[in-house]
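Colleague: This is the structure, below, for whatever I ask next.
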Amino acid sequence: MLVQPLRSPNLRQVPATTVAPEPKVAVLLNANARKVDARVVKSLSHIVPEEDLFLSRSPLDARRITQTVLERGYPLVFTGGGDGTFMGFVNEFLRQLEPRGRFAGQPMPRFGVLKLGTGNGLANFVNASNPSGDGILHDVVRALAGDVAGVRRMDMVMVDGQRTPFAGLGVDGKLLNDYIWVKENLGKGFLKKVMTGSGGYFSAVAFKTVPHYLTNSTWVECEVINGASEAYRLGSDGRPVGEPVAPGEAMFRGKLMLAGAATMPFYGYGFRMFPFASQRRGMMHVRLGQVPTTQVLANLPKLWNGRWFPEGIHDFHAKEVTIRFARPMPLQIGGDAAGYRDQVKLSVAPESVELLDYHAAVN
């Protein structure tokens, strides 16, 4: 296994057989992430030994890096590159820690999240510092000094064999698919910087998503069936209302524009899409939307901050749901576009992960 340098002569290649003495922290960076540049790598190399700093460019790199991290027994692992980078590594760790895996029985490391992605939903969830200035370095230094007391245990949503903080079918998936189209088709040459990140999302909304829904209905017939455990309809305060939904019963039948679930509140850019996620261990926040686009736009600030609960938004706590739409709908998994599906099962994964929360400090 080789640590891959990113345009930095100060980072040398380190063979997999090199064992760091008593390692404390490993930093795993996605070299393809826009914010993971030579400056970030060089800065981190001043506070983290080079043999503990890893750069991944492909799934194969991620697999080899994970093996090295488990071989060395790092108790704490930082990831940098966004929600997709974090979940890619978490899924790889869990694959290698399976009962039949090479590292079966070995404990899962604790994770820290560096704010080096695009939307940074997880980074917002754990109060990570902004990348400007020395924020990222400060987070790592605090962890090395034992100055981060807060730890969050986060459940995960299982979909198509992947674990993720959130997933959904509908308008949000459409936006993410449109963003991918804009980035791949318009984000070239001198437009590359403009058509990635927030600029790419704005362009996707303005030139793809909104024009599509001006001529196509956002509402599609859907049914949502509860899984093997009771589910609970939630009021605007996040508390259960009415009778529980029994296993196998329909939680909803009718037209929807969005159906999704999450185990943490945030989408990207601080959007608190699932305000009741992480409130009940072992359950995910299921949100179903049937609100006209005009109302969404008129109440976007409240929706963004998780404070808008019109009659057309239906919230539940559940362990497992099956969502069936009358026609294929755009799917997103952890903020990444995942094509179109007319049916998907979302459930709480059997495993959870421990995350550093930078908001709490040792007194």
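Colleague: Scanning the range 38-62 for residues that are under 26 Å from Asn91 (Cα atoms) and among the charged types (D, E, K, R), which turns out surrounded by the most Cβ atoms within 10 Å (Cβ to Cβ)?
Modeller: Going through the qualifying residues, I end up with Asp52.
Colleague: A further question follows. Scan the range 72-111 residue by residue and report those that are free of Cβ contacts under 8 Å to residues at least 40 places away in the same chain and either surrounded by fewer than 16 Cβ atoms within 10 Å (Cβ to Cβ) or in a loop (DSSP other than H, G, I, E, B) (or both).
Modeller: Arg95, Leu97, Glu98, Pro99, Arg100, Gly101, Arg102, Phe103, Ala104, Gly105, Gln106, Pro107
Colleague: A follow-up question, please. Only one residue in Pro240, Pro165 is modelled with pLDDT of 70 or more, of a type outside the set (A, V, I, L, M, F, W, C), touching a Leu at 6+ places or on another chain (Cβ under 7 Å) and closer than 22 Å to Leu331 by Cβ. Which one?
Modeller: Working: Pro240 fails: closer than 22 Å to Leu331 by Cβ.
Sole residue among the options that is modelled with pLDDT of 70 or more, of a type outside the set (A, V, I, L, M, F, W, C), touching a Leu at 6+ places or on another chain (Cβ under 7 Å) and closer than 22 Å to Leu331 by Cβ: Pro165.
Colleague: Let me ask something else about it. Could you list, in sequence order, all residues of the range 293-312 that are in contact (Cβ under 8 Å) with a residue 60 or more places away in the chain and assigned to a loop (DSSP other than H, G, I, E, B)?
Modeller: Taking the range 293-312 first, the residues in contact (Cβ under 8 Å) with a residue 60 or more places away in the chain are 293, 309.
Across the range 293-312, the qualifying residue is only Phe309.
Colleague: How about the range 321-339: which of its residues are in contact (Cβ under 8 Å) with a residue 60 or more places away in the chain and more than 19 Å from the chain's Cα centre (by Cα)?
Modeller: Pass one, the range 321-339, residues in contact (Cβ under 8 Å) with a residue 60 or more places away in the chain: 321-327, 329-339.
Those that are in contact (Cβ under 8 Å) with a residue 60 or more places away in the chain and more than 19 Å from the chain's Cα centre (by Cα): Val321, Thr322, Ile323, Arg324, Phe325, Ala326, Arg327, Met329.
Colleague: Which one is surrounded by the most Cβ atoms within 10 Å (Cβ to Cβ) among residues in the range 280-291 that are in a loop (DSSP other than H, G, I, E, B) and either in contact (Cβ under 8 Å) with a residue 60 or more places away in the chain or in contact with a Leu (Cβ under 9 Å, 6 or more places away or on another chain) (or both)? Working first, answer last.
Modeller: First, pick out the residues of the range 280-291 that are in a loop (DSSP other than H, G, I, E, B): 280-283, 290-291.
Now drop any that are not either in contact (Cβ under 8 Å) with a residue 60 or more places away in the chain or in contact with a Leu (Cβ under 9 Å, 6 or more places away or on another chain) (or both), which leaves 281-283, 290-291.
Details: Arg281: 11, Gly282: 12, Met283: 23, Gln290: 19, Val291: 20.
Filtering first and then ranking leaves Met283.
Colleague: Looking at the structure I just gave you, is Phe276 in contact (Cβ under 8 Å) with a residue 40 or more places away in the chain, touching a helix residue (DSSP H, G or I) at 6+ places or on another chain (Cβ under 7 Å), assigned to a loop (DSSP other than H, G, I, E, B) and closer than 28 Å to Asp178 by Cβ?
Modeller: Against the criterion (in contact (Cβ under 8 Å) with a residue 40 or more places away in the chain, touching a helix residue (DSSP H, G or I) at 6+ places or on another chain (Cβ under 7 Å), assigned to a loop (DSSP other than H, G, I, E, B) and closer than 28 Å to Asp178 by Cβ), Phe276 does not qualify.
Colleague: So, in the range 319-359, how many residues would count as being small (Gly, Ala, Ser), closer than 30 Å to Leu137 by Cα and out of contact with any Pro (no Cβ under 9 Å at 6 or more places or on another chain)? So that I can check it myself, show each step before the final result.
Modeller: Our first condition is that a residue be small (Gly, Ala, Ser); within the range 319-359, this holds for 326, 334-335, 337-339, 347, 349, 352.
With the extra rule that they be closer than 30 Å to Leu137 by Cα, the set shrinks to 334-335, 352.
Adding the requirement that they be out of contact with any Pro (no Cβ under 9 Å at 6 or more places or on another chain) leaves 352.
Counting residues in the range 319-359 that are small (Gly, Ala, Ser), closer than 30 Å to Leu137 by Cα and out of contact with any Pro (no Cβ under 9 Å at 6 or more places or on another chain) gives 1.
Colleague: For the range 231-268, how many residues meet the condition of being free of Cβ contacts under 8 Å to residues at least 60 places away in the same chain and assigned to a strand (DSSP E or B)?
Modeller: Total meeting the criteria: 4.
The values are calculated or read from the model by the stated rules, or taken from the named source; none is laboratory data. The structure presented is a predicted model; accordingly, all values stated were derived computationally and were not measured. Every residue, glycine among them, receives a Cβ derived from its backbone with ideal geometry; neighbour counts consider all protein chains shown.
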